[in-house]
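Take a look at the structure below.
The numbers here are math on the coordinates, done by the rules we state, and not lab data. Please read these numbers as outputs of a predicted model, since none were measured by experiment.
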Amino acid sequence: MAKRAVVLLLLLFLIPTAQAAIELYDFSSEEKRVRFHELGAELRCPKCQNQSVIDSGSASAYDMRQELYQLLEEGYTDEEVFEHLKARFGEFILYKPPVRGDTWILWFLPPFLMLSGFVILVLLARSRQKQAPASQNDSVSERQLKLKKILELDSEKSSPSNSKDSS
């Protein structure tokens, strides 16, 4: 009895995967199949937002794939396909929006921020080099002389205090 319950539970979990649709497209040429995958990768699913039309399993992505297939088979160029799909689904479906007044920030802000960050890092590195103590630039013999002077001063300071303690 327990085995039957386990088998039934497993079957219930497997039913949704068994219903997954497999899309088959019969392209008239290999070039159209390649273009289908290239263009589909450049189109965003309007429902999933961060998945391409090819990767998405939503109904709207399915519609877009069907329409993309039909447009390619009818001989549309890449630009005509984009324009047609953009007219139907909106401009949001393009991963690479056109450069216009309202989209310039999408195109130019990231490179500007990267360049600004690089300039700030260079300026910080230069300021830290200027703040480095001069002793780091000294040669070994100069450092040894400075250490001897420090030790001599330290020994002079400690010797009078020792004589006062002993008397």
Candidate lysines for bridging to Lys86, where Cα separation is under 21 Å - those fewer than 8 sequence places away on the same chain excluded: Lys32, Lys47, Lys96
Other-chain or far-sequence residues with amide H under 5 Å of Leu94's (modelled H): Arg44
